[in-house]
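What follows is a single structure, written as structure tokens, with notes after it.
Computed from the coordinates by the stated procedures, all read-outs in this text should not be read as laboratory data. None of the values given here were measured: they were computed from a predicted structure. Here the Cβ positions follow ideal geometry from the backbone for every residue, glycine too, while neighbour counts run over all protein chains shown.
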Amino acid sequence: MIVLADWQNWLLIVAGGIVTLAIRASFMVLPAGTRVPAVLQRSLKYVAAAVLPALIVPDVLFRELATGQTFNAYRIVSALVATLVALGTRSIIGTLAAGMATLWLLKWWGPF
């Protein structure tokens with residue numbers, strides 16, 4: 001294991017922040033005539049579809065676990081109901097309402 005001095009840790013944090021800022025700001029501060037390569041432009045279409053599950057799945061599977069539990073069944077069922085409503089209605093409000101109502105009902109009436 002590598003142990004770094006305090007100043008080295010801070011240097012890594014600041015350098016990581018600068019790199020992150022540069023990447024995010026590059027789309028806003030580049031000159032107006034700058035063209036984004038076609039490959040990058042096509043691949044950016046899939047960023048939201050890749051990030052959304054990466055944010056939702058860990059929260060659905062591993063949040064509020066009781067001792068000895070490996071997954072949260074109530075959240076999984078609620079997410080499946082919300083997914084079905086989203087596919088059937090294409091309504092964001094309906095999806096949120098169905099998922100939340102299912103989770104609350106399962107927590108209130110659920111067997112475990």
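Tell me, what ³J(HN,Hα) does each residue in the stretch 14-19 have, in order and in whole Hz, if you take phi through Karplus 6.51 cos²θ - 1.76 cosθ + 1.60 with θ = phi - 60° and put x for Gly and Pro?
Along the stretch 14-19, the couplings run 5, 4, x, x, 5, 5 Hz.
Summing -39500 (n - 2.57) over the DSSP H runs of n ≥ 4 in the chain and dividing by its residue number, what mean residue ellipticity at 222 nm do you reach, to the nearest 500 deg cm²/dmol?
That calculation yields -24500 deg cm²/dmol at 222 nm.
Highest mean first, what order results for 13-23, 81-91 on Cβ atoms within 10 Å?
Packing proxy ranking, top to bottom: 81-91, 13-23.
Could you tell me whether the stretch 6-109 comes out rounded, prolate or oblate from its Cα gyration tensor? Rule is a ≥ b ≥ c as square roots of the eigenvalues, rounded for a/c under 1.5, then prolate if a/b exceeds b/c, otherwise oblate.
The shape class here is oblate.
With charges set only on the Cβ (+1 for Lys and Arg, -1 for Asp and Glu), what does the dipole of the stretch 6-109 come to about its Cα centre, in debye to the nearest 20?
With only Lys, Arg, Asp and Glu charged at Cβ, the dipole is about 400 debye.
Counting other C-beta atoms within 10 Å, and keeping those with at most 13, which DSSP coil trypsin sites (Lys or Arg not before Pro) do you find in the stretch 23-80?
Hits after loop and neighbour filter: Arg35, Lys45, Arg63.
Under the Karplus relation 6.51 cos²θ - 1.76 cosθ + 1.60, θ = phi - 60°, what is the ordered set of whole-Hz ³J(HN,Hα) values for the stretch 62-76, x standing for Gly and Pro?
10, 8, 6, 7, 7, 4, x, 7, 9, 7, 9, 4, 4, 5, 5
Under 8 Å for C-alpha pairs, at least 6 residues apart: give me the relative contact order for the stretch 6-109, rounded to a whole percent.
Relative contact order, the stretch 6-109: 15 percent.
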